[in-house]
Amino acid sequence: MSTRPEIVWRGIEPYQASFDAMRAYTDARGAQSPDQLWIVEHPPVYTLGLGADRAHVLTPHNIDVVPTDRGGEVTFHGPGQVVIYLLMDLRRQRPGARLFAREFVHNIEQAVIDTLAAYNLAGERKQGAPGIYATDGPWQGAKVAALGLKIRGNGCTYHGVSLNVDMDLTPFSWINPCGYAGLATVDMKTLGASAGLAEVQTLLAEKLIARFAGAPDDLANGADAAP
């Protein structure tokens with residue numbers, strides 16, 4: 001069964017509240033529980049993935065550091081950033097076949113690329129480094145979107161993707177973003193796009209839904225594990 005995920009607007013919400021709610025929803029969901037995309041904006045927070053090295057948090061200042069159960073290293077969430085959590089059952093996404101983790105990540109990344117393209121911005125993947133990076137001009141190679149997921153053994157996912165729209169990027173300089181010392185981060189405004197946060201939230205959600213409605217069949221089905 002492949003159905004359109006519900007969009008849930010959660011507004012401005014502390015990270016811990018979203019994290020607790022994601023796990024509770026996933027714990028409680030059954031065969032008929034709808035897939036959902038949660039759209040949220042967080043007050044400033046650093047989050048650590050499973051196995052993250054706390055040493056990558058260089059100078060947190062007064063920003064909370066929250067351990068999580070997603071994949072990946074340390075990242076920053078803050079005002080002016082689109083955050084969409086994907087609470088989905090991968091077994092539903094393609095009739096007759098399971099949507100594997102690698103394909104799931106590919107579709108999320110492509111939705112971000114498609115969203116950037118709507119504002120005449122170019123983004124690209126980097127092998128072995130999930131997320132999307134700017135391709136042009138002085139910000140070439142800077143990270144504009146981050147990705148971190150949890151995929152349980154039953155195929156249910158949570159956590160998701162963040163896209164920098166118009167934010168104070170300074171807190172990224174107080175960490176090694178995603179575990180990479182000196183990795184530059186950028187937002188859409190700096191890249192030349194003038195867009196409101198709600199507009200980008202809506203567009204990215206629709207691009208995600210479109211990708212899952214037509215997931216490509218020609219991707220390699222890799223190991224079923226959290227990236």
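Read-outs throughout are calculated quantities, based only on the coordinates presented, and are distinct from any laboratory measurement. As the structure is a computational prediction, the values presented were derived from the model and not from experiment. For neighbour counting, all protein chains shown are included, and Cβ atoms are generated from backbone atoms with ideal geometry for every residue, glycine included.
Below is a table of values for the structure above.
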item: Helix-only CD estimate at 222 nm, as mean residue ellipticity for the chain, using -39500 (n - 2.57) per DSSP H run (n ≥ 4); result: -7000 deg cm²/dmol
item: Rounded FRET efficiency, nearest 0.05, which uses the C-beta distance separating A193 from R91 and R0 of 35 Å; result: 0.45
item: Amide H within-cut-off set for V45, under 5 Å, with H built and near neighbours excluded; result: H77
item: Table column - 3J(HN,Hα) (Hz), region 151-168, Karplus curve with 6.51, -1.76, 1.60, x for Gly and Pro; result: 10, 6, x, 8, x, 8, 10, 7, 6, x, 9, 10, 10, 7, 9, 8, 9, 6
item: Vicinal HN-Hα couplings computed from phi for region 46-63 (Karplus, 6.51 cos²θ - 1.76 cosθ + 1.60; Hz; Gly/Pro x); result: 9, 10, 10, x, 4, x, 5, 8, 4, 5, 6, 8, 6, 9, x, 6, 9, 8
item: For the chain, with +1 on Lys and Arg beta carbons and -1 on Asp and Glu, the positive-most of G160, H77, L58 along the dipole; result: G160
item: Check: the chain dipole with +1 on Lys, Arg Cβ and -1 on Asp, Glu Cβ, in debye; result: 500
item: Potential lengthening between D136 and D64 on full extension [0.36 nm per residue; Cα-Cα distance subtracted]; result: 22.6 nm
item: Gain on full stretching of the segment that runs from R4 to W174 - 0.36 nm per residue minus C-alpha separation; result: 57.3 nm
item: Helix axis angle, 15-28 relative to the chain longest principal axis, alpha carbon, degrees; result: 10
item: Nearby aspartates and glutamates by direct alpha-carbon distance to K143 (threshold 15 angstrom, same-chain neighbours under 8 apart not counted); result: E73, E109, E124, D166, D168, D187
item: Net lengthening on full extension, A55/A17 (0.36 nm per residue, minus Cα-Cα); result: 11.2 nm
item: Residue-wise HN-Hα coupling along region 177-185, computed from phi with Karplus coefficients 6.51, -1.76, 1.60 (Hz; x: Gly, Pro); result: x, 6, x, 10, 5, x, 5, 6, 10
item: Residues with amide H under 5 Å from that of D35, placed H, sequence gap 5 or more; result: E6
item: Magnitude of the charge dipole, region 69-158, Cβ model with Lys/Arg +1 and Asp/Glu -1, debye to 20; result: 420
item: The chain, relative contact order in percent, only Cα pairs under 8 angstrom and at least six apart counted; result: 25
